[in-house]
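> Just passing along the structure, written as structure tokens.
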Amino acid sequence: MQRNKRFFDLKRILPLLLAAAMYAAPLAITNQYVLRVCVYVSIYSILACSLNLISGVCGQVSMGHAAFYGVGAYTSALIALSFGLPWPICLLAAGVLSALVGLLIGTPALRLQGGYLVICTVGFNELVRLILLNWVSVTRGPMGLTNIPRPRFFGVAIHSGRQYLYLSMTLLLIVYITLRNILHSRFGRNLRAIKEDETAAETMGIRVHREKVTAFAIAAGFAGMAGSMLAHYMLYINPNLFIGDFSTTILSMVVLGGMGSMPGSVAAATLLTVIPEALRELDRYRMLIYGLMLICMMLGKNIPWDTTPLGRAAARLRGRVKIARESEHGGKD
Amino acid sequence: MSSFLFYTVNGLVLGSTYALTSIGYSMVYGILELVNFTHSTVYMVGAYLFYILAVVAGLPMWAAFLLAVFMTGLIGVLYERLTLRPLRVRHQPKFAMLICTIGTSIVLQNIFFLTMGSETHQYPSLFEGHYLRVGGFNITAVQLVIIVATAVLLLAFTLFINHTRVGMAMQACAQDGEAAGLMGISVDNIVSLTFFIGSAMAAVAGVMGCMSYRSVDISIGTAIGTKTFASTVLGGIGVFYGGVVGGLVIGLTEVYTAAYLGSNYRNIPAFLILILILFLKPNGLFGKKTLKKV
């Protein structure tokens with residue numbers, strides 16, 4: 001009886017239902033543009049979830065995540081272009097190389113605290129962009145890499161928007177489940193302890209620096225895989241896709257979704273991808289609205305409405321209406 | 001040899017603008033422990049306001065300059081008041097403030113993009129055609145003015161910080177905001193003042209930088225952003241004269257790299273210096289080691 005009850009527990013079934021709905025949904029979408037936006041949502045969700053591990057869960061703010069995304073994209077594209085290896089191998093290579101770069105940068109960088117780490121990762125992002133831009137013999141500089149082969153499975157190339165959506169969704173699901181399991185492991189709890197209080201965590205025997213670097217490398221690896229997905233979807237990449245501004249967007253997703261929350265990261269990634277797309281009509285005003293949106297979201301999320309000047313004014317108005325109404329009632333009595 | 005001297009003067013001019021801008025970063029980080037991403041955009045705002053006042057509105061240069069610097073300072077106070085203070089007084093996490101500064105930077109940049117367009121404008125300059133001839137090469141008068149003005153401003157700023165009550169209150173806030181508040185210093189006002197001074201200095205740097213390049217466009221803020229970060233960190237964040245030395249070093253290396261290795265590489269040394277200094281000596285050349293209290 002007990003077991004039966006557990007089996008039909010909503011908490012267990014809900015994720016399965018969600019996953020089923022997620023896989024059924026693309027069948028209903030026929031608009032190519034919507035499919036395209038959905039593919040981007042999946043790719044950005046992977047980025048947000050991976051950054052969430054280091055910035056959200058462990059509290060180490062990195063503003064260079066787009067650099068790993070770029071390293072992954074370029075690695076995957078270059079391997080596919082020069083050796084003609086199948087996509088899954090390119091994907092793995094992109095993940096491994098990005099993770100290695102993460103390890104290389106993270107080892108010294110994560111000894112830094114707070115603002116220094118932010119500046120360091122910003123600098124790293126810019127450095128990667130400049131290397132991609134100036135190492136023309138390999139990356140073809142500002143011209144970017146073209147004719148990146150599409151992923152092939154059993155001799156069939158993936159080409160329609162829907163197939164790409166299924167592919168990117170599956171990748172997102174794998175990354176999501178892996179990261180979720182990491183969060184629930186001993187390692188994940190260590191990371192949370194580090195965020196709460198580094199000194200206390202160290203006293204409890206957690207090797208703070210090693211755990212941070214490991215988390216950073218894992219996050220970088222998944223970002224690299226997202227980059228590989230992007231490269232083989234767009235079929236064309238250039239250094240401008242991996243600028244620092246994009247790192248900011250990824251970080252905004254993590255902060256907006258709630259530091260440390262994976263569903264939050266996915267939801268915020270969806271929101272911050274769909275809203276700018278919806279604003280495309282407004283063209284010139286798009287970025288202005290986006291900036292205002294960032295500020296409003298940060299303020300709105302962190303400040304109770306009643307304490308803002310506008311909220312106070314509204315509360316006063318409500319109070320006055322209430323008093324007026326009460327005096328009206330008083331008159332009738 | 002004379003070309004080396006020529007590059008050195010150019011580097012000093014560039015470094016002066018970095019130095020003035022880095023003071024704003026340094027002060028804000030000292031008091032709020034926040035990397036202020038709006039600051040480099042404020043540099044652009046200052047330069048543009050001067051352009052609008054002097055060229056579009058046709059005010060005399062000195063009036064346009066003073067007004068532009070003052071207005072930029074007010075913009076600094078305003079965005080702190082609207083977007084950062086509500087988060088600060090509620091002790092919200094730094095990430096939220098960080099993203100707010102990025103949002104503000106996007107908003108400011110787009111306001112100027114929408115009103116002034118994205119094209120490059122020709123910038124007014126002082127003493128056109130006047131130059132000093134030293135050992136076979138020319139130093140333009142405006143370059144001399146920039147170097148001298150920077151030195152005077154920095155001297156005035158040092159005196160202000162060390163020898164006035166308000167300046168000492170700022171130092172107290174940087175050391176320990178809470179304790180300073182308990183001693184009767186209005187931390188909110190000091191923070192406002194910090195943003196005012198920082199933004200005004202960035203405006204001065206913006207106007208002077210654009211005068212020496214003779215052009216202004218929307219992207220100048222982003223262009224100097226990471227380089228002024230680099231100079232701030234090189235000198236030690238929170239240490240004012242450190243930022244000045246850092247700015248000069250970064251300016252000189254940039255010009256030397258552009259001259260001797262090719263202008264494609266001019267942006268790279270700043271980032272290399274930044275990353276190296278962070279790895280080897282994160283507190284910067286002049287920074288004090290901070291002890292973390294448990």
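> Can you give me the convex hull volume of the Cα atoms of chain B, divided per residue and expressed in Å³?
On the way: hull volume 41.6 nm³, N = 294.
Spelled out: Cα convex hull of chain B, divided by residues, is 141 Å³.
> Here is a follow-up. Take every Cα-Cα distance within region A:71-190, group them into 10 Å bins from 0 onward, and report for each bin the whole-number percent of pairs it holds.
Result returned by the calculation: 11, 30, 35, 21, 4.
> Applying a 10 Å radius around every beta-carbon, put A:168-174, B:120-126, A:19-25 in order of their mean neighbour count, most first.
Details: A:168-174: 17.7, B:120-126: 15.9, A:19-25: 12.0.
Result, highest mean Cβ count within 10 Å first: A:168-174, B:120-126, A:19-25.
> Something else now. How about B:K227: which aspartates and glutamates have a C-alpha closer than 13 Å to its C-alpha, ignoring those fewer than 8 places off in the same chain?
A:E126, B:E254
> Students often check this: by mean Cβ neighbours within 10 Å, which of A:249-257, B:274-282, B:202-210 ranks highest, and how do the rest follow?
On the way: A:249-257: 26.2, B:274-282: 18.6, B:202-210: 28.7.
Highest mean packing first, the order is B:202-210, A:249-257, B:274-282.
> Quick check: the angle from helix A:161-184's long axis to the longest principal axis of chain A, C-alpha only, nearest 10 degrees?
70
> Another question about this same structure. Among A:T107, A:I295, A:A21, whose Cα projects farthest towards the positive end of the dipole of region A:17-302, with charges put on the beta-carbon of Lys, Arg (+1) and Asp, Glu (-1)?
A:A21
> From the square roots a ≥ b ≥ c of the eigenvalues of the alpha-carbon gyration tensor of region A:17-302, which class results: rounded (a/c under 1.5), prolate (a/b over b/c), or oblate? Before the final figure, lay out the partial values.
Values: a/c = 1.42, a/b = 1.26, b/c = 1.12.
Judged from the Cα gyration tensor, region A:17-302 comes out rounded (a/c under 1.5).
> Restricting to Cα pairs below 8 Å that are 6+ residues apart, what does the relative contact order work out to for region A:17-302? Please round to a whole percent. Write out the running numbers ahead of the final one.
Details: 430 pairs, mean separation 108.1, N = 286.
So the answer I get is 38 percent.
> Something else now. Can you list which of the chymotrypsin sites (Phe, Trp or Tyr not before Pro) found in region A:210-300 are DSSP loop residues with at most 14 other C-beta atoms within 10 Å? Mind showing how you got there, number by number?
On the way: sites: A:F216, A:F222, A:Y233, A:Y236, A:F242, A:F246, A:Y285, A:Y290; in loops: A:Y236.
Those satisfying the criteria are A:Y236.
> Counting each pair of different Cα atoms once, what's the Kirkwood radius of the protein assembly as shown in Å, rounded to one decimal? Each step should come with its number before you reach the end.
Numbers: mean 1/r = 0.0378 Å⁻¹.
After inverting the mean inverse Cα-Cα distance, the result is 26.4 Å.
> Taking trypsin sites (Lys or Arg not before Pro) as candidate sites, keep only those in a DSSP loop with at most 10 other Cβ atoms within 10 Å, then name the longest stretch of chain B containing none of them.
Numbers: sites that count: B:K288, B:K289, B:K292, B:K293.
Looking at chain B, B:1-287 is the longest stretch - no exposed trypsin sites (Lys or Arg not before Pro) with at most 10 other Cβ atoms within 10 Å.
> If you count, for every residue in B:152-165, the Cβ atoms of partner chains within 10 Å of its Cβ, what is the mean? Provide the component values of the computation, followed by the final result.
Values: counts 0, 0, 0, 0, 0, 0, 0, 0, 0, 0, 0, 0, 0, 0.
Rounded to a whole number, the mean comes out at 0.
> Now, a different point. With runs of 4+ DSSP H residues as the only contributors, calculate the mean residue ellipticity of chain A at 222 nm using -39,500 (n - 2.57) per run, divided by the residue total and rounded to the nearest 500.
Values: 15 runs with 252 residues, N = 333.
Rounded to the nearest 500, it is -25500 deg cm²/dmol.
> Okay, next question. Just add up the charged neighbours of A:L117: K/R +1, D/E -1, any other residue whose Cβ is under 14 Å from the Cβ of A:L117. Don't skip to the answer; put the middle values down first.
Values: positive: A:R111, A:K195, A:K212, B:K94; negative: A:E198, B:E33.
Its environment carries a net charge of +2.
> Could I ask something else about it? Among A:S265, B:S215, what's the order by accessible area (1.4 angstrom probe), most exposed first? Could the numbers behind the result be given before it?
On the way: A:S265 0, B:S215 40 Å².
Result of the area sort, largest leading: B:S215, A:S265.
> May I pose another question? Determine the shielding of peptide B:30-39 by partner chains: average, over its residues, the number of Cβ atoms on other chains within 10 angstrom of each Cβ. Write out the running numbers ahead of the final one.
Details: counts 0, 0, 1, 3, 3, 9, 1, 5, 0, 0.
Counting other chains' Cβ atoms within 10 Å and averaging over B:30-39 gives 2.
> Could you check the simple spin-label distance between A:T170 and B:R165, using points 7 Å along Cα→Cβ, in nm with one decimal?
Going by the 7 Å Cα→Cβ label model, 7.3 nm.
> Averaged over every viewing direction, what's the projected area of the C-alpha convex hull for region B:194-243? Give it in nm², one decimal, please.
Values: hull surface 15.2 nm².
Its average projected convex-hull area is 3.8 nm².
> Say each of B:A63 and A:L103 gets a label point 7 Å from the Cα, pointing the same way as Cα to Cβ; how far apart are those two points in nm?
Between B:A63 and A:L103, the simple spin-label model gives 6.6 nm.
> What angle do you read, to the nearest 10 degrees and between 0 and 90, between the alpha-carbon axis of helix A:186-196 and the longest principal axis of chain A?
Here the helix axis deviates by roughly 50 degrees.
> I've got another one for you. Would you mind checking region A:80-99 for residues with the amide N under 13 Å from a putative spin-label position 7 Å along Cα→C-beta of A:F154?
What the label zone holds, given the 13 Å backbone N cut-off, is no residue at all.
> If you average the alpha carbon positions of region A:54-111 and of region A:239-272, how far apart do those two centres end up, in angstrom?
Distance between centres, Cα-based: 17 Å.
> If you keep only loop residues by DSSP, which GluC sites (Glu not before Pro) in region A:101-203 have at most 13 other Cβ atoms within 10 Å of their Cβ? Please report the intermediate quantities before stating the final value.
On the way: sites: A:E126, A:E196, A:E198, A:E202; in loops: none.
Sparse-neighbourhood loop GluC sites (Glu not before Pro): none present.
> So which chymotrypsin sites (Phe, Trp or Tyr not before Pro) in region B:78-182 end up in coil per DSSP with only 16 or fewer other C-beta atoms within 10 Å?
Details: sites: B:Y79, B:F95, B:F112, B:F113, B:F127, B:Y131, B:F137, B:F157, B:F160; in loops: B:F127.
In loop regions of region B:78-182 (DSSP not H, G, I, E or B), the sparsely surrounded chymotrypsin sites (Phe, Trp or Tyr not before Pro) are B:F127.
> Accessible area, 1.4 Å probe, largest first: how do A:K322, A:K212, A:K195, A:K11 sort?
Numbers: A:K322 125, A:K212 5, A:K195 80, A:K11 170 Å².
Ranking A:K322, A:K212, A:K195, A:K11 by accessible area, largest first, yields A:K11, A:K322, A:K195, A:K212.
> Got a number for the accessible area of A:V39? Probe 1.4 Å, square angstrom, nearest 10.
0
> Consider just the alpha-carbon atoms of region A:259-300 and return their Rg together with their Dmax, both in angstrom.
Expressed in Å, the Cα Rg and Dmax of region A:259-300 come to 11.5, 34.
> Counting pairs on different chains as well as pairs 8 or more places apart, how many Lys pairs in chain A have Cα atoms under 28 Å apart?
On the way: A:K11/A:K195; A:K11/A:K301; A:K195/A:K212; A:K195/A:K301; A:K212/A:K301; A:K322/A:K332.
Pairs that pass both the separation and distance tests number 6.
> Treating only the Cβ atoms of Lys and Arg (+1) and Asp and Glu (-1) as charged, compute the dipole magnitude of chain A about its Cα centre; round to the nearest 20 debye. Before the final figure, lay out each step's value.
Values: 31 positive and 15 negative charges, 151 e Å.
About 720 debye.
> To the nearest 10 square angstrom, how much accessible area does A:V34 have with a 1.4 angstrom probe?
A:V34 has an accessible surface of roughly 60 Å² with all protein chains in place.
> At a probe radius of 1.4 Å, what is the per-residue accessible area of A:R312, in Å² to the nearest 10?
In the full protein context, A:R312 sits at about 120 Å².
> If Lys and Arg each add +1 and Asp and Glu each add -1, what is the summed charge of the other residues whose beta carbon sits under 14 Å from the beta carbon of A:A66? Write out the running numbers ahead of the final one.
On the way: positive: A:R129; negative: A:E126, A:D245.
Spelling it out: positives minus negatives among the neighbours equals -1.
> Moving to a separate point now. Quick check: with the 1.4 Å probe, what order do A:D283, A:D9 take by accessible area, largest first?
A:D283, A:D9
> Give me Rg over Rh for region A:170-311, both radii from the alpha carbons and Rh done the Kirkwood way, two decimal places. Could the numbers behind the result be given before it?
Details: Rg = 18.2 Å, Rh = 17.8 Å.
Looking at region A:170-311, the ratio lands at 1.03.
> Other chains near A:61-73: what is the mean number of their Cβ atoms within 10 Å of each residue's Cβ? Write down the numbers at each step before the final one.
On the way: counts 5, 0, 4, 0, 0, 0, 0, 0, 0, 0, 0, 0, 0.
What the average comes to for A:61-73 is 1.
The values are calculated or read from the model by the stated rules, or taken from the named source; none is laboratory data. Owing to the predicted nature of the structure, the values given are computational and were not obtained by experimental measurement. Cβ sites come from the backbone with ideal geometry, for glycine too, and all protein chains shown count toward neighbours. These area figures cover heavy atoms from the full protein model, side chains too; ligands, DNA and RNA do not enter into them. Shrake-Rupley method; radii C 1.70, N 1.55, O 1.52, S 1.80 Å.
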